[in-house]
1. Residues of the stretch A:33-79 being hydroxyl-bearing (Ser, Thr, Tyr), more than 19 Å from residue A:160 (Cβ to Cβ) and in a helix (DSSP H, G or I), which ones?
2. Is at least one residue of the stretch A:109-122 within 14 Å of chain B (Cβ to nearest Cβ) and either surrounded by 15 or more Cβ atoms within 10 Å (Cβ to Cβ) or touching a helix residue (DSSP H, G or I) at 6+ places or on another chain (Cβ under 9 Å) (or both)?
3. Check the stretch B:166-184 and report whether any residue there is small (Gly, Ala, Ser), away from chain A (no Cβ under 14 Å) and closer than 17 Å to residue B:109 by Cα.
4. Which ones in the stretch B:95-115 are crowded, with 21+ Cβ neighbours inside 10 Å, within 7 Å of another protein chain (Cβ to nearest Cβ) and not in a loop (DSSP other than H, G, I, E, B)?
5. One residue is enough: does the stretch A:230-240 have a residue meeting the conditions surrounded by fewer than 13 Cβ atoms within 10 Å (Cβ to Cβ) and touching a Cys at 6+ places or on another chain (Cβ under 9 Å)?
6. Looking at B:101, B:97, which is the one that is in contact with a strand residue (DSSP E or B) (Cβ under 6 Å, 6 or more places away or on another chain), at pLDDT 95 or above and within 29 Å of residue B:245 (Cα to Cα)?
7. Of the residues A:148, A:163, which single one is crowded, with 20+ Cβ neighbours inside 10 Å and not in a helix (DSSP H, G or I)?
8. Please list, ordered by first then second residue, the pairs with beta carbon atoms under 7 Å, 6 or more apart or interchain, first in the stretch A:96-122 and in a loop (DSSP other than H, G, I, E, B), second crowded, with 19+ Cβ neighbours inside 10 Å.
Amino acid sequence: MPPPTTAGFDFESLRQVFDFSYFWSYREVLLSGLLVNFLVFGFAALLAAGSGFVVCLLRVSRSRAARGIGTFYVELFRNTPEYVFLTWVHFVLPLVLTRLLVTRVNFAPTLSAVLALGLCYSGYFAETFRTGILSIPRGHIDAGRAVAMGRALIMRRIILPQAIRRVLPEALNNSVSLFKATSIVSLIAVPDLMYNVVNVVQYEMRPLPLYSSAAFLFFAILFMLSALVQALTERWRTRAWG
Amino acid sequence: MPPNADPESSQPVVKVVDLHKSFGALEVLKGISFEVHRRDVVSIIGASGSGKSTLLRCVNHLEVPTSGEVRISGRPLGFRLDGGRRRPDSLAGINRIRMDIGMVFQQFNLWPHMTVLQNVMEAPVYVRRLPAAEARDIAMGNLAKVDLLDKRDECPARLSGGQQQRVAIARALAMQPKVMLFDEPTSSLDPELTAEVLAAMRDLARDGMTMMVVTHEMGFAREVSTNVIFLHDGRIEEEGDADHVLTKPRSERCRQFLSRVLR
């Protein structure tokens, strides 16, 4: 009879993956970290949507120079990885500003995180908004021109009210991605969920259950957010004007 | 009022002089001149691609002419004379004149996020800056004229094509224009709905509205218009009073065109 093999499936590790007790005992510090994620997300989303809208107006402008600036902006931020941009904003930008302004400039990690993620995602928001504006039929605009409406009035009264409804689902999807991206801010020492998890892991020496619980928590939150967006989108699709 | 008391009344409402329009290398209009006087109803006919719609869109500057002049009640549209030199006019200047020109499109082009009444009130409120109550009265009056007062709170998407086009007529009328342009107003409607739109246009003509109509409806052209312009290949091939152009045209091309469409 051969001895029973020990190289079988490691049930102990699998059990630890689903062991939430460590996470639970540190729930206060960990959830306060999650709150930081939401905070960074909130301010970054405002910045991204706001500057995205301004850049989108540049992109649809009649001035070739304005369009060029808008395109450059969008391409720059859409094609720079969030993490690379985050470290650049946090470690390089203050140095550059210090030289330029001849005063010492320092960014708090949370400010860097909001700036970096906000600017990164403003490129996506700008493109989303632009698609919405370009989706309005030419005829609706001609009808406005024919009754002597000016450009700003056509934008405000005819294009934007329709475009906003059309781009809301996509804008919400961008926001979900933005929330996902907040998980990297611990890399510049923003005290978010992952940052606190790492600290607890170093103290407890139990990486397996703690990292797993954090992963489950992120998954649960993002899954619910996506489902919510999907449900809202479905309702907008099925509901015609009025 | 005695004739000519208003200095503008002696002017043609629309005067077009040697109008050219090119899209890139393609010259669509090759020197068009005509006048439309008060209470005229001018039908513009011709094969597709002859430049009818482009001509109409040049009359309210939705298309910018390559050269030539458009004048509305004597006022130049799209350019200013600055010490004898011709300069492009500002959009604000163009819009001051556009207020006198109503336009109705083939695709209706109602704004889908507004109710019928809001569509009609939009320009009086936001362009002419009338108080809402006054704009509402004007809008209701115009909706009554096209017999759609009961649909005022509906969304355009819930109306038939014919009803949508009548709302579009009311929307244009709400600016109290001096001339109405119709760009193939019945071409996307089936015959039954065509009839109700033509009836609304007939009423307008009877009320004395000055109108330019790009149309394939030869019956309407003969019955309602005072003048007919036949366009061929970017030029006016034949023009004159409706009866003359539609029954005994001089031009061979016009005869051929009519025999094809009248059959």
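1. Let us first name the residues in the stretch A:33-79 that are hydroxyl-bearing (Ser, Thr, Tyr), namely A:51, A:61, A:63, A:71, A:73.
Checking which are more than 19 Å from residue A:160 (Cβ to Cβ) leaves us with A:63, A:71, A:73.
Answer for the stretch A:33-79, where residues must be hydroxyl-bearing (Ser, Thr, Tyr), more than 19 Å from residue A:160 (Cβ to Cβ) and in a helix (DSSP H, G or I): A:71, A:73.
2. Step one: of the stretch A:109-122, the residues within 14 Å of chain B (Cβ to nearest Cβ) are none.
No, because not a single residue in the stretch A:109-122 is within 14 Å of chain B (Cβ to nearest Cβ) and either surrounded by 15 or more Cβ atoms within 10 Å (Cβ to Cβ) or touching a helix residue (DSSP H, G or I) at 6+ places or on another chain (Cβ under 9 Å) (or both).
3. The first filter runs over the stretch B:166-184 and keeps only residues small (Gly, Ala, Ser), leaving B:168, B:170, B:172, B:174.
Then drop every residue that is not away from chain A (no Cβ under 14 Å), which leaves none.
No, every residue in the stretch B:166-184 fails to be small (Gly, Ala, Ser), away from chain A (no Cβ under 14 Å) and closer than 17 Å to residue B:109 by Cα.
4. Of everything in the stretch B:95-115, those that are crowded, with 21+ Cβ neighbours inside 10 Å, within 7 Å of another protein chain (Cβ to nearest Cβ) and not in a loop (DSSP other than H, G, I, E, B) turn out to be B:98, B:103.
5. Within the stretch A:230-240, one or more residues are surrounded by fewer than 13 Cβ atoms within 10 Å (Cβ to Cβ) and touching a Cys at 6+ places or on another chain (Cβ under 9 Å).
6. Of B:101, B:97, the one residue that is in contact with a strand residue (DSSP E or B) (Cβ under 6 Å, 6 or more places away or on another chain), at pLDDT 95 or above and within 29 Å of residue B:245 (Cα to Cα) is B:101.
7. Working: A:163 fails: not in a helix (DSSP H, G or I).
None of the other options fit; the residue is A:148.
8. A:107/A:90
The values are calculated or read from the model by the stated rules, or taken from the named source; none is laboratory data. On a predicted model such as this, the values are computed, not experimentally measured, just so you know. A quick note on method: Cβ atoms are made from the backbone with ideal geometry, for glycine too, and the neighbour counts reach across all protein chains shown.
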